[in-house]
1. Can you work out the base-10 log of I(q)/I(0) for the range 67-171 at q = 0.14 1/Å, using the Debye formula on its C-alpha atoms alone?
2. Let me see the pair-distance distribution of the range 260-380: every alpha carbon pair, 10 Å bin width, integer percents in order.
3. Sorted from fewest to most neighbouring beta carbons within 10 Å, what does the list PHE244, PHE340 look like?
4. Pull up the cross-link candidates among the lysines for LYS421, meaning alpha carbon to alpha carbon under 19 Å and not fewer than 8 places away within one chain.
5. Quick one: net charge of SER146's neighbours, Cβ under 13 Å, K/R +1, D/E -1?
6. Using a Gaussian network model of the chain with C-alpha springs under 10 Å, which one of SER33, SER281, SER309 is most mobile by mean-square fluctuation?
7. What ranking, highest mean first, results for peptides 114-124, 322-332 when packing means the other Cβ atoms within 10 Å averaged over each residue?
8. At q = 0.07, 0.08, 0.12, 0.13 Å⁻¹, what log₁₀ I(q)/I(0) does the chain have when each alpha carbon counts as one equal point scatterer in the Debye sum?
Amino acid sequence: MTSIVCSLAFPSPSLIWKNRKSSGRTTTMVAISLSHFDGVTMGPPEPIVEVFEAFRAETDPLKLNLAVRSYRTEELEPYVLDVVKKAEKLLLEKGENKEYPPVEGLTAFNKITAELLLGTDHPVIQQEKVATVQSLSGSGAIRLASAFIQGYFPDAHAMIPSPTWVNHKNIFDDAGVPWSEYRYYEPKTVSVDFDGMISDIKAAPDGSFIVLHGCAHNPTGIDPTPQQWEKIADVIQEKKHIPFFDVAYQGLASGNLDIDAWSVRLFVSRGFEVLVAQSYSKNLGLQAERIGALNVVCSSPDAAKRVRSQLKRLSLNLHLYSPLHGARIVETIVGDHTLFNEWKEEMESMVQRIKNVRKRLFDNLSQKDESGKEFSFVLRQNGMFSYMGLNKAQCDYLTNKWHIYVTKDGRITMAGLSLAKCEYLADAIIDSYHNVS
Ligand SMILES: Cc1ncc(COP(=O)(O)O)c(C=O)c1O
Ligand SMILES: *[C@@H]1O[C@H](CO)[C@@H](O)[C@H](O)[C@H]1NC(C)=O
């Protein structure tokens, strides 16, 4: 009996056994095992990366990338905040070591983070009712919260707005948290579908986790009004739901950290227990440092202590420790009166730039459009992103005819637009409204 086993990769014992068993009495067996991973199918392409690749390959000099996910300067370049550069210089001079930090993150960082969110002297902080744990930015905070929900509320489900940031679904799926959507967006008026939202939240099983964007909703740019927030809180209270805030843009909606935390603070002042995922990716431009936190506001210090201990355990299971560098940058800036003020000024000027772009785009759309369409929604939207009421065919048209690249849901990054490009974009949008339905 001859048996020649030709194996390119190191074959697993089970593979050899199977092949031997299946080989005939005297047949020569050639088992070519290319890889242990032959059974692994190709993952889906990342839609936004496809858009970026198409943009890179675009040869027209008028090309414009409005699919970018972070703030750009008026020259459309990436931006490192001056205050971050200063903090990094100070950190380099200090030359601190790189020992493992505490599992829950740096104490000073966690304190600062809860204070930025809730206000320095908030009673829930003073009474030690807040469990704050550093995370791998906003995404990591949502993943950690999902593990917590999965572990302690196995029968609960999450409700996310439709539309929402793409990764909410993926993260909940990965963590095994069932989710469904509540209506959020009304395309005809480019505003919040408030009745739809309220009735869907009412219809959800009691005790659901309701995901809310604290400010600057991604992708639409449309936030509820203060009166609407009050009503949302009423329904959530009535249904004993648990609010789960995603705060990825604190300070980048209005230019003011306190104003942008208003929605979260409203719920906390009404006595809710809330989960809040926070990120410094955008408001400090630290996207690559992966710095953020999960805060759980509890109704007693004892509950907060227990929740914190479990979040630490879950965080250890997920990724052990969180990165130090971003935490130290935040600590250095917010802990220093002068640097903190400089950050606020820089953030204000980033927001001002986005507002200037919105105003010019609004002017140009209104001046050029002859159909009497109302564009004031552009001015009412907040933050880095905007829906323009464009459907997929219209987005394709923007790209194919005008060389303007956007994500296929029609999201336009206002923070990636310059004053100089507004008129061109207005022409393109009006053309696509009129020629594509
Ligand atoms: C709504 C929302 N949540 C969370 C995130 C997470 O970002 P990061 O993980 O960089 O904090 C983003 C980023 O775009 C976002 O838009
Ligand atoms: C576009 O808007 C700017 C600023 O509001 C204005 O100066 C310019 O004339 C506008 N262009 C057109 C064609 O409307």
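Bear in mind that the values in this text are calculations on the coordinates, not laboratory data. Keep in mind it's a predicted model, so treat the numbers as computed, not measured. Please note: Cβ atoms are built from the backbone with ideal geometry, for glycine as well, and neighbour counts cover all protein chains shown.
1. After summing over all Cα pairs, the log10 values are -0.93.
2. 11, 25, 29, 20, 11, 4, 0
3. PHE340, PHE244
4. LYS63, LYS355, LYS359, LYS368, LYS401
5. Neighbour charge sum, excluding SER146 itself: -1.
6. Highest fluctuation of the listed residues: SER33.
7. 322-332, 114-124
8. -0.42, -0.53, -1.03, -1.16
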